[in-house]
2 protein chains.
Amino acid sequence: MNNLTKIRIKDVAKRANVSVGTVDRVLHNRGEVSAHTRDLVITIIEEMGYKPNVIASALAQKKRTRFALLVPMVDGINPFYLEYEAGIEKAKAELIDFGTLVDVHAYDPILNTFSACLERCLETAPDAIIASPMVLSEADKNRLEAFGWNKVTLFGPNAGHNEALQMSQDAFRSGYVGARLLSYGLPKETTVLVINIGRNALNDQLYQERFAGFRQYLNDRNITEMSIRKIEIEGIQEGDIKKSLTNAFLDYSFVRGLFVSGSHTGKVARFIEEKKLGNIRVVGYDLTDENVQYLRKGHIDFLLSQNPRVQAYRAIMSTFEHHMLDKAFPAKRIPVDIITKDNVDDFIP
Amino acid sequence: MNNLTKIRIKDVAKRANVSVGTVDRVLHNRGEVSAHTRDLVITIIEEMGYKPNVIASALAQKKRTRFALLVPMVDGINPFYLEYEAGIEKAKAELIDFGTLVDVHAYDPILNTFSACLERCLETAPDAIIASPMVLSEADKNRLEAFGWNKVTLFGPNAGHNEALQMSQDAFRSGYVGARLLSYGLPKETTVLVINIGRNALNDQLYQERFAGFRQYLNDRNITEMSIRKIEIEGIQEGDIKKSLTNAFLDYSFVRGLFVSGSHTGKVARFIEEKKLGNIRVVGYDLTDENVQYLRKGHIDFLLSQNPRVQAYRAIMSTFEHHMLDKAFPAKRIPVDIITKDNVDDFIP
DNA sequence: TAACCTTGCGTTATCGCTAACGGGATTGAT
DNA sequence: ATCAATCCCGTTAGCGATAACGCAAGGTTA
């Protein structure tokens, strides 16, 4: 049923009446082969359907390759990012035996030390850079350009530069999904409140795109009878949020749907719980502990997730496969996972 | 930042004043080692944090291992199963260089030739069996018992035997999610219709579990005001279905929510489209071409998916990692993916 | 023509681990 | 005491691919 043995480089060499060294030179364009034998070997490789043994290749590799990973890391402030860690460790463990090392460079997303971090990272002359930036300054872009966009992978919520390899979620589309979920559960002629917490330069673009998707859904459906109110809460402290929400609900007591465009959905849910505001649909983002807790309690209806663990893992592995195994970098983006109380267990580690 | 070199078996041997052969014997319990050196080597392995190089190990492996994969295969009848293929091919390609071969044994789920297939498969004396059965007869169970449950992985919608390794979706929970989605979008005091298409011994258990989950959700919420009607459609031909649905809607014209407990959701959606029945919520299963088409058109609101491609891939890879790399078999089940018109692109190949 | 370079290719040590092989030391049987 | 069996353990030839090394043939220069 199956052929028990794969074609080896030795088999190809024999058929072509050359040595394994020559075949290897052809395979890796290492030169020192005449055009004639080159063509001959290529023909035979295709004829025999030779596929390199990646295991043996990895073992024989003399040169280790090093990936530099730039990720935001903050303790406590935004638990979302800590989620990367498990995915990173998994990828590291799988790649170490392939001679590929992953150096983690952490930057502070609050103080926005990305640029400095990038500079330090570049000094180590990595073979590829895999980064989850908040924003890319022009200086950063120039540095990456000089490094070579083809050796740069961007991932995470704020990934975005067309010349680099990309692995991220479509923020616009996630907002679109959010609007569908919210409107699906609400009567017509209703008002929904979009809440943006922790607004600053770092995450503003992300929230804007999500909101744009949200609004687009309503436009596409000609839902003129459903109107949107929007509030921005600058701080992320419990007190700030409570105060802002209290004020908001004085004006918008009639609201039956909330769309929280960031990961602080749980804080809104807590407010709803404390104020005993019943019968309000809530759609938010990300599987933080707090969010999951309120999802379970029933104060959040849906969470949209981009599974950071999977995202980091895939970004690293896809980069590896692209650079080392000549595979195409996947065009697919990270799926918009829809999480409810019932299937949440399937998505947490 | 990172250690460039892993501890090798040679390093352990030197520290323990033994040869690599002895360390290898300890690592694989091949015996012929005195209790004393055994303990010594184990201690040093733990001290140094030695982790075998899986790449080198795979390359050196003399004995190829063979997995037998038993999957249902029908052309055209139930496109669901064809989905396995991509996942299977991906896993095969990744494992071939690890010296692990995957032989695919296809059985006919309609004629239920599983038992015969299993018997043929056992004659090839595989190292492990990975099967997606419809049902397991007692004879099948006895055969697998004799083969060794610890070498058996069951996956797919009808997986189920506690002693085997398991990779499947929780059917009950998916029904629960379905009920939540349906009730979320419907007013109270409404009637939902559960439609079961293609009922037979093969998929009956699956549908029952989904329905049980569906009903449980309503019970948990004390939704006495939402009532359930249920119809069973034996055939899966277009005509059968249309006739049954026409009859059903004579009785249940007031219904605003449909839960289709199997993969033939698209056929129901077509009926709705043709009869121009507006304002009906539809929740169903599986990303068949037909289903996706009607999801896109807006006649299906949600599809619950168990991503067969991923399921087959994971079943094979997890079995490999469990048997070959001594990793724990993942306890997590396949997530219940919630698919809408907007995020469906993220989930199709 | 001698001395040198270039081109094109074969040979081989190496990566870390596996497992077959063989041999020294100890024990038991006769 | 001799021989065989058993127990433990070291040695080593692979697995397939890589890349450094070396060398023959032909070409170039002085």
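Of B:ALA248, B:GLN169, A:GLY185, which is farthest on the positive side of the dipole of the protein assembly as shown, counting Cα position, with +1 on Lys and Arg Cβ, -1 on Asp and Glu Cβ, and the Cα centre as origin? Of the candidates, B:GLN169 comes out farthest on the positive side. Inter-chain neighbour count for B:333-345: the average number of beta-carbon atoms from partner chains within 10 Å of each residue's beta-carbon is 6. Beyond 15 Å, the tail of the calculated P(r) for the range A:9-52 holds 26 percent of the Cα pairs. Taking a Cβ cut-off of under 11 Å around B:PHE271, the surrounding Lys, Arg, Asp and Glu residues balance to a net charge of +3, with basic ones at +1 and acidic ones at -1. Peptides A:245-251, A:113-119 ranked from most to least packed, by the mean per-residue count of other Cβ atoms within 10 Å: A:113-119, A:245-251.
By the compact-protein rule of thumb, 2.2 N^0.38 Å, the alpha-carbon radius of gyration of the range B:171-305 corresponds to a ratio of 0.95. Partner aspartates and glutamates whose Cα lies under 12 Å from the Cα of A:LYS10, excluding those fewer than 8 positions away in the same chain, are identified as A:ASP24. Annotation: B:ARG215 carries an accessible surface of approximately 110 Å², with a 1.4 Å probe and no ligand, DNA or RNA atoms counted.
Remark: for residue pairs B:LYS188/B:LYS230; B:LYS14/B:LYS63; A:LYS92/B:LYS63, the C-alpha separation exceeds 24 Å in B:LYS14/B:LYS63; A:LYS92/B:LYS63. Excluding ligands, DNA and RNA and using a 1.4 Å probe, chains B and A jointly bury around 4300 Å² of accessible surface, summed across both partners. Ignoring ligands, DNA and RNA, what percent of the 1.4 Å accessible area of the range A:9-52 is carbon and sulfur? With neighbouring chains kept in place, the figure for the range A:9-52 is 51 percent.
Of the cross-linked pairs A:LYS242/A:LYS276; A:LYS341/B:LYS151; A:LYS6/A:LYS151; A:LYS341/B:LYS327; B:LYS90/B:LYS151; A:LYS327/B:LYS51, those separated by over 24 Å at the C-alpha level are A:LYS341/B:LYS151; A:LYS6/A:LYS151; A:LYS341/B:LYS327; A:LYS327/B:LYS51. Peptide A:45-57 shows a mean partner chain C-beta count of 3 within 10 Å per residue C-beta.
State in Å² the accessible area per residue of chain B; use a 1.4 Å probe, count heavy atoms of protein chains only, and round to the nearest integer. About 46 Å² of surface per residue is accessible. Chain B's nearest residue to the axis relating it to A, judged by Cβ and reported with the distance in whole Å, is B:ILE338, 2.
Shape of the protein assembly as shown from the C-alpha gyration tensor: oblate (a/c of 1.5 or more and a/b not above b/c, with a ≥ b ≥ c the square roots of its eigenvalues). Of B:ARG38, B:ARG173, B:ARG256, which is the most mobile in a GNM of chain B whose springs link Cα atoms less than 10 angstrom apart? In the Gaussian network model the winner is B:ARG38. For peptide A:173-180, the mean count of partner chain Cβ atoms within 10 Å of a residue's Cβ comes to 3. Think of it as helices only: each DSSP H run of n ≥ 4 in the protein assembly as shown is worth -39500 (n - 2.57), and spread over all residues that comes to -13500 deg cm²/dmol at 222 nm. Decide, for chain B, between rounded, prolate and oblate: order the square roots of the alpha carbon gyration tensor eigenvalues as a ≥ b ≥ c, take rounded if a/c falls under 1.5, and otherwise choose prolate if a/b is larger than b/c, else oblate. Prolate, since a/c reaches 1.5 and a/b exceeds b/c. Residue ranking by accessible heavy-atom surface, 1.4 Å probe, largest first, among B:SER305, B:SER19 comes out as B:SER19, B:SER305. With a 1.4 Å probe rolled over the protein heavy atoms of all chains, the accessible area of B:LYS275, B:LYS188 falls in the order B:LYS188, B:LYS275, largest first.
Residue order by solvent-accessible surface for B:SER318, B:SER253, A:SER137 is B:SER253, A:SER137, B:SER318, largest first, with ligands and nucleic acids left out and a 1.4 Å probe.
Highest mean packing first, where packing is the average number of other Cβ atoms within 10 Å per residue, the peptides B:306-314, A:99-107, A:290-298 line up as B:306-314, A:99-107, A:290-298.
The values are calculated or read from the model by the stated rules, or taken from the named source; none is laboratory data. Being a predicted model, the structure only gives us computed values, none of them experimental. Here Cβ is always computed from backbone atoms with ideal geometry, including for glycine, and neighbour counts include all displayed protein chains. Ligands, DNA and RNA are stripped out before the accessible areas are found, and what is left, the full protein with its side chains, is counted by its heavy atoms. Shrake-Rupley method; radii C 1.70, N 1.55, O 1.52, S 1.80 Å.
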